[in-house]
Amino acid sequence: MHVMLIIEGTYPWYRGGVSEWVYQYLSHLSDTTFTLIQIATDEFQGLDPNEALYPVTPNIQEFLRISPPEFSEASFNGLDSWYEEFIQTMSIDSASYDLIHVANTGFAGWLGAKLSEVLEIPMLLTEHAIYWKEVQMGASALECGYKIPTNEIKKQETVGWFKELARFTYQHADQVISVSKVNISEQLKLGAKNVAYIPNGIPVSFLVSEKSRRKVPHIGWVGRCAEMKNPLSFFDYVSAFRELDIDPIFTMLLSDANEKDLKHRVIETAKAFPEVTLVWNKSARSYFPEFDFLLITSHNESQPLVMLEALASKALPAGYQVGDFDQKFGLSFSEKTTISYHVDEITRLWNSTNEFKKAIESKFNLVRDNHTWSKLFDEYQELMSSLAAHKNTVRN
């Protein structure tokens, strides 16, 4: 089977949930051949894939990179011009592909939908995040490097435009996969059909059997240094802990997200918090087993991959409920509560050794039984084979 996978930014350049998903997907579907089309700004296009953060898997037959359309062309006419330019520069033969797979409903989704429509190739959409919702909630840039206008009127126009892109993508998708249960209602409102839920996962090797308990908790934060992840809120938690008779270890693992002003503010804020260790652009794999709690501070999420990675290492996620992060997956709190209350509850749970262990074990078992990549990508393999077989049946 030959699949055209269309993504925006992310893999193989930067750390993050979508990058990790793409890498695991390509690795597990080793018998499938891929043409990878990456929509990214010139900043990303100048990089050598073979020197990237993630390995370029051997089943990638071709790796093509194109720029997103200019915002001044933010209309379907402008997108059609962008598509025509793409077709003229790329050699696309419908007979070469069994399936188109797109990873969002933004530019990647629109391009995949257009190709699916014109070339009559079935399309699978895996939606990791609702783009228009992230713009609405304050995202400063998309994964492809596309900058969101700061002017409020233009921002709202951008929200409306991305809703239209989503509608068009849903209309042409033969199957929609949501990695988040909470996103499904939004997808259905904009016309998505054949929606199924296949969650995020972790490698089986991430699962730990035993974990020793230290005298004080180690509290971590992991994510891109992006406004949507709200890293500055971590320091509000640290301030609240200062009011209690407990001295946790604090570590923030941050990766660059091209939001330079925010990065500067994080670095400057950290100077007033010597108890916080900042670690930049390092893999979180070796840190998760050291954590006892993982703070989730995001303004918006779908299903945070770090939530599952933490639980695999028997670290308990904590913070405001967001996306699929709720009591099922950790110590989540309603928006009506205060950070001081969160800190009190984290401390209370830590001091109750048996209760903490029971909470961790139940959630660890949930991840072990339902969220391993091997299990999840077996589902994808079966689904993709079915879509490709349908295409070949129609052809014959």
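Rounded to the nearest 0.05, what FRET efficiency do Q156 and T269 have when you use their Cβ-Cβ distance and R0 = 30 Å?
That gives a FRET efficiency of 0.50.
Under the Karplus relation 6.51 cos²θ - 1.76 cosθ + 1.60, θ = phi - 60°, what is the ordered set of whole-Hz ³J(HN,Hα) values for the range 60-68, x standing for Gly and Pro?
In residue order, the calculated couplings are 7, 6, 8, 10, 10, 10, 9, 7, x Hz.
Quick one: if the Förster radius is 41 Å, what FRET efficiency do N354 and N194 give, using the C-beta to C-beta distance and rounding to 0.05?
Here the calculated transfer efficiency is 0.35.
Angle, helix 17-28 long axis vs. longest principal axis of the chain, Cα atoms, 0 to 90°, nearest 10?
So the inclination is approximately 60 degrees.
Between E62 and L232, 0.36 nm times their residue separation minus their Cα-Cα distance comes to what?
Extra length available between E62 and L232 comes to 57.2 nm.
On a full-extension model of 0.36 nm per residue, what is the gain between K328 and Q171, subtracting their alpha-carbon distance, rounded to one decimal in nm?
Value of the extension gain: 53.3 nm.
When the Karplus curve 6.51 cos²θ - 1.76 cosθ + 1.60 is applied with θ = phi - 60°, which whole-Hz ³J(HN,Hα) does each residue of the range 158-174 get, with x for Gly and Pro?
Those phi angles translate into 5, 4, x, 5, 5, 5, 5, 4, 5, 4, 4, 5, 4, 4, 9, 7, 6 Hz.
I need the fraction of alpha carbon pairs in the chain separated by more than 37 Å, rounded to a whole percent.
22
Relative to the Cα centre, what is the charge dipole magnitude of the chain, using +1 at the beta carbon of each Lys and Arg, -1 at the beta carbon of each Asp and Glu, and rounding to the nearest 20 debye?
Using only the charged Cβ atoms, the result is roughly 1080 debye.
Using a cut-off of 11 Å between beta-carbons, work out the net charge of the residues near S209 (Lys and Arg +1, Asp and Glu -1, S209 not included).
Overall, the nearby charge balance is +2.
How much of the DSSP beta bridge set in the chain is antiparallel, as a percent to the nearest 5?
5
Kindly state, to the nearest 0.05, the FRET efficiency for Q381 paired with V208, given R0 = 22 Å and r defined as their beta-carbon distance.
With R0 = 22 Å, the Cβ-Cβ based efficiency is 0.20.
How much mean residue ellipticity at 222 nm does the chain get from its helices, if each DSSP H run of length 4 or more adds -39500 (n - 2.57) and you divide by all residues, to the nearest 500 deg cm²/dmol?
-12500 deg cm²/dmol
Between D256 and D344, how many nm apart are label points set 7 Å from Cα along the C-beta direction?
So the label points at D256 and D344 sit 4.3 nm apart.
Using Cα pairs closer than 8 Å and at least 6 residues apart in sequence, work out the relative contact order for the range 204-370, in percent.
24
With an 8 Å cut-off on Cα pairs and a minimum separation of 6 or more residues, tell me the relative contact order of the chain in percent.
15
Quick one: helix 339-351 against the long Cα principal axis of the chain, what's the angle to the nearest 10°, folded into 0 to 90?
Its long axis makes an angle of about 70 degrees.
Which net charge results for the neighbourhood of T33, defined as the other residues with beta-carbon distances under 10 angstrom from its beta-carbon, given Lys and Arg at +1 and Asp and Glu at -1?
Computed value for this residue: -3.
Counting only other residues whose beta carbon sits under 11 Å from that of L278, what net charge do I get with K and R as +1, D and E as -1?
+3
Testing the spin-label approximation: label points 7 Å from Cα along Cα→Cβ at S239 and L53. State their distance in nm.
2.9
If I fit a long axis through the Cα atoms of helix 373-395 and take the longest principal axis of the Cα atoms of the chain, what angle between them do I get, 0 to 90°, rounded to 10?
10
Quick one: putting +1 on the C-beta of Lys and Arg, -1 on the C-beta of Asp and Glu, what dipole do you get for the range 322-382 around its Cα centre, in Debye to the nearest 20?
It comes to approximately 300 debye.
For the range 124-202, run through the GluC sites (Glu not before Pro) and keep only the ones in DSSP coil with at most 12 other Cβ atoms within 10 Å of their Cβ.
none
Readers should treat all values here as calculations from the given coordinates under stated rules, not as data from a laboratory. Note that this is a predicted model, so its numbers are computed, not measured. Neighbour counts run over all protein chains shown; Cβ positions are idealised from the backbone, glycine included.
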